[in-house]
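So the structure is just underneath, and the comments pick up after that.
FYI, it's all coordinate maths here, none of it is from the lab. This one's a predicted model, so the numbers in the text were calculated from it and none came from an experiment. Cβ atoms come from the backbone with ideal geometry, glycine included; neighbour counts cover every protein chain shown.
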Amino acid sequence: MKTIKIETGSKQYFVKIGIHVLNELLPFINEKFPHVTKIFIITDETVGKLHLTHLMSHLQGKDSSIYTVPSGEKAKTFNVYYDCLTYALEQKLDRKSLLLAFGGGAVGDLAGFVAATFMRGIPFIQIPTTILAHDSAVGGKVALNHPLGKNMIGAFHQPEAVFFDLSFIQSLPIREVRSGFAEVVKHALIKDKMLYETLFNSVASLDKISNEMLEYALTRGIEIKGSIVAEDEKEIGVRAFLNFGHTLGHAIEAEAGYGVITHGEAVVIGMLFALQVSKEIAGLTFDYQSFKIWLESLNYQTSIPKNMNASRLIERMKQDKKSVGQRIRFILLKELGYPIIYELDEEYLLKKIEQF
């Protein structure tokens with residue numbers, strides 16, 4: 001087990017990562033929240049069936065209410081959010097209640113937003129169960145989706161702690177492993193050349209990745225995100241670098257319909273596009289072709305789905321949170337580990353997307 005300290009302007013907390021870290025959960029709750037009135041657990045249908053009994057065994061009879069939401073991006077809607085709040089009120093939760101977000105990135109985003117807004121904010125703990133959630137569980141971004149854009153309604157609300165028990169990862173379907181691994185690759189490209197080279201040279205199959213490699217990669221990814229969040233908690237500067245690949249990726253997700261293409265699958269396409277543009281505009285020297293071949297060997301799709309229209313994708317990108325006055329801003333790389341923000345002309349983007 002490893003402990004990673006996260007420091008932001010508003011809060012300091014830790015991420016515990018490793019096998020069986022849930023053993024540390026109840027002692028933490030008893031120490032940090034000795035007067036907690038009730039524990040509110042938000043989980044999804046899949047995680048609830050697989051792991052809820054295991055979580056409850058670690059709470060040893062604590063007064064708890066459980067609300068189960070749909071799996072995946074279907075959880076991040078206004079209707080589901082409203083139902084969570086209604087249930088919390090019906091269960092007589094109060095400001096001394098504690099929320100546990102138990103699931104993947106979508107559950108963490110939804111539950112965190114519930115925690116941020118219920119009675120103007122109650123504490124919550126992230127208990128991620130997917131690889132993808134190593135990214136979303138850290139940093140305090142919580143949000144819902146809107147048909148016009150992903151994560152457009154949200155807040156910054158830091159968790160009290162993150163307990164990342166890697167034993168949950170063993171039950172993930174390969175598509176979810178692939179989705180989460182994309183964010184690990186993103187962290188490497190924007191910040192850590194050595195991590196990228198280790199992944200590129202060591203990971204030949206995502207269904208055979210070793211526990212040691214997984215723990216190393218996820219720990220390093222969390223450390224990278226933590227260092228960026230510490231510098232820029234509210235994304236007024238360098239935190240935007242974490243959106244590498246996401247400008248086009250989010251547009252693809254929205255255009256396909258949330259959940260049709262996984263977040264990581266869409267981000268991979270977005271990263272490949274951003275790398276091509278980076279070579280042309282920022283002078284990036286990078287073996288793009290080998291990178292693409294490696295991703296394809298891991299069964300990633302590496303091109304925009306053929307049924308998607310470039311103009312519609314651009315309209316989606318205008319709604320991106322980095323855009324200012326409908327002008328589209330991309331995260332590009334000058335070199336591996338050196339990202340920049342660059343505003344791209346709409347006509348240039350249209351041409352590049354059609355070529356891509």
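Summary of values
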{"read-out": "Under 10 Å, Cβ to Cβ, from F163 - net charge with Lys/Arg +1 and Asp/Glu -1", "value": "-1"}
{"read-out": "With Cα atoms, 0 to 90° folded angle of helix 211-231 axis to the chain main axis", "value": "90"}
{"read-out": "Highest-fluctuation residue, K38, K306, K62 considered, GNM on the chain with Cα pairs under 10 Å", "value": "K306"}
{"read-out": "Among F286, F330, F124, residue whose mean-square fluctuation peaks in a GNM of the chain (springs only between Cα atoms under 10 Å)", "value": "F286"}
{"read-out": "³J(HN,Hα) computed for each position of region 129-138 - Karplus, 6.51 cos²θ - 1.76 cosθ + 1.60, integer Hz, glycine/proline x", "value": "10, 10, 5, 4, 5, 4, 8, 6, 6, 10"}
{"read-out": "Inverse mean reciprocal Cα-Cα distance (Kirkwood Rh) of region 158-217, Å", "value": "12.6"}
{"read-out": "Hydrodynamic radius of region 174-355 per Kirkwood, over alpha carbon pairs, in Å", "value": "16.6"}
{"read-out": "Convex hull per residue volume in Å³, alpha carbons only, for region 1-133", "value": "114"}
{"read-out": "Peptide ranges 17-28, 233-244 listed from the most packed, as the mean C-beta count within 10 angstrom indicates", "value": "233-244, 17-28"}
{"read-out": "Calculated from backbone phi, Karplus (6.51, -1.76, 1.60) coupling profile of region 6-20 in Hz, x at Gly/Pro", "value": "10, 10, 10, x, 9, 6, 10, 7, 10, 10, 9, 10, x, 7, 6"}
{"read-out": "The chain: mean projected area of Cα convex hull, nm²", "value": "16.3"}
{"read-out": "Angle between the chain longest axis and helix 45-57 axis [Cα atoms, degrees, rounded to 10]", "value": "40"}
{"read-out": "Order by protection proxy (mean Cβ within 10 Å, highest first), peptides 50-56, 139-145, 165-171, 268-274", "value": "268-274, 139-145, 165-171, 50-56"}
{"read-out": "Order by protection proxy (mean Cβ within 10 Å, highest first), peptides 128-136, 187-195, 29-37", "value": "128-136, 187-195, 29-37"}
{"read-out": "DSSP bridge pairs, region 2-171: antiparallel proportion in percent, nearest 5", "value": "35"}
{"read-out": "Antiparallel DSSP beta bridges within the chain, percent to nearest 5", "value": "45"}
{"read-out": "Distance violations [Cα-Cα > 22 Å] among K150/K318; K191/K352; K76/K208; K225/K352", "value": "K191/K352; K76/K208; K225/K352"}
{"read-out": "For V69, distant residues with modelled amide H under 5 Å away", "value": "T43, D44, E45"}
{"read-out": "Base-10 log of normalised Debye intensity for region 51-193 (one unit scatterer per alpha-carbon) at q = 0.13, 0.15, 0.19 Å⁻¹", "value": "-0.57, -0.76, -1.21"}
{"read-out": "Degrees, to the nearest 10: 174-191 long Cα axis against longest axis of the chain", "value": "70"}
{"read-out": "Diffusion coefficient, µm² s⁻¹, Stokes-Einstein with Kirkwood Rh over alpha-carbon pairs of region 245-287 at 10 °C and 1.306 mPa s", "value": "150"}
